[in-house]
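One structure is given below, encoded as structure tokens.
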Amino acid sequence: MKRYRISEIFHSVQGEGRYTGVPSLFLRFWGCNFQCRGFGSAPLREVKVERLAEFPVLESGCDTEYAWNPAYRHLSEELTADEICDRLEALVPSFQHPYSGQATHLVVTGGEPMLSQTALVAVLDALAARDNLPNYITIETNGTQAPRQDLADRISRYEGYGSREWFWSVSPKLSISGEAWDAAIRPEVVAAYRMLSNAGQLKFVVDGSDAVWDEVTQARNAFRTVGVDWDATIMPLGATRARLEETQAAICEAALARGYHFSARLHAWLFDNTPGT
Ligand code: SF4
């Protein structure tokens, strides 16, 4: 039976964007095509821990480095699609909560989950075989990996049921991430996502500088040119409560002045961004 590398599976509230506060089961795949060394000028970290629960909260840089840095590969595990479904169902048996009757969303994240399309297809097929496909699936992606045909087929089938929503939460990386513009801003990739489902948002991490606001405008124009007219949500730079306090009020006001949505990171406020939240 094929096994897929998983960083973590947990139950929490969505902390960012349109569905902030919604109960969600998170499936975090391992691996990313970026490192985002620019966020907060973080040095390469060497943290000696044996269990993910011991991993320290990262105040700058990528806040899920444990989900892609080979130095922390031992914190991940390999599971079959059925084992992944078992873990999800052990947390919440169905995606309609038995107590409230309200939907629990499935959030597929990383690292970069669109590097794990084979695994994602296998998990979707396993959930369908159990008659337990959620009505809401969010893919949290950096928007650089084109959808493959096997995943596209599953999304088309999924979207064929009227009450379901496949939601693209795309976070394109601007220059402050440290990644090169041409590699990070891929309008043709996000346009391919939109062809499969027109439910989505663009999330940009901003440090408040004029240069970054100009890049938000430039990136949005590039996406709109290919038909991706999703609303943009601005998020302040900073992964922890303390860091957010330094920046977020001013960035929120600047986002409002420009007519963008604003999102603090609820999970960082509530749980200080510890793994599993
Ligand atoms: S794309 Fe996301 S997961 Fe990958 S390094 Fe950047 S912030 Fe981290």
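Of the trypsin sites (Lys or Arg not before Pro) found in the range 1-108, the ones in coil according to DSSP and having at most 11 other Cβ atoms within 10 Å of their Cβ are 2, 48, 51.
Rounded to the nearest 20, the Cβ-based charge dipole of the range 4-271 about its Cα centre (Lys and Arg +1, Asp and Glu -1) stands at 220 debye. Both radii are taken from the alpha-carbon atoms of the range 4-271; with Rh as the Kirkwood radius, Rg/Rh is 0.94.
Shape class for the range 55-180, computed from the alpha carbon gyration tensor (a ≥ b ≥ c): prolate, with a/c not under 1.5 and a/b above b/c. For the range 105-116, 3J(HN,Hα) computed residue by residue from phi via the Karplus equation (6.51, -1.76, 1.60; θ = phi - 60°) reads 7, 9, 10, 9, 9, x, x, 10, x, 6, 7, 10 Hz, glycine and proline entered as x.
Summarising the amide proton neighbourhood of residue 136: residues at separation of 5 or more, or on other chains, whose placed amide H is nearer than 5 Å comprise 106, 165. Classified by the C-alpha gyration tensor, the range 133-236 has a prolate form. Its axis ratio a/c, with a ≥ b ≥ c, is 1.5 or above, and a/b is larger than b/c. Once the GluC sites (Glu not before Pro) in DSSP loops with at most 11 neighbouring Cβ atoms within 10 Å are cut out of the chain, the longest remaining piece is 51-277.
Laboratory data are not the source of any read-out in this text; all were calculated from the coordinates shown. Since this is a predicted model, take the numbers as computed values, not measurements. Cβ sites come from the backbone with ideal geometry, for glycine too, and all protein chains shown count toward neighbours.
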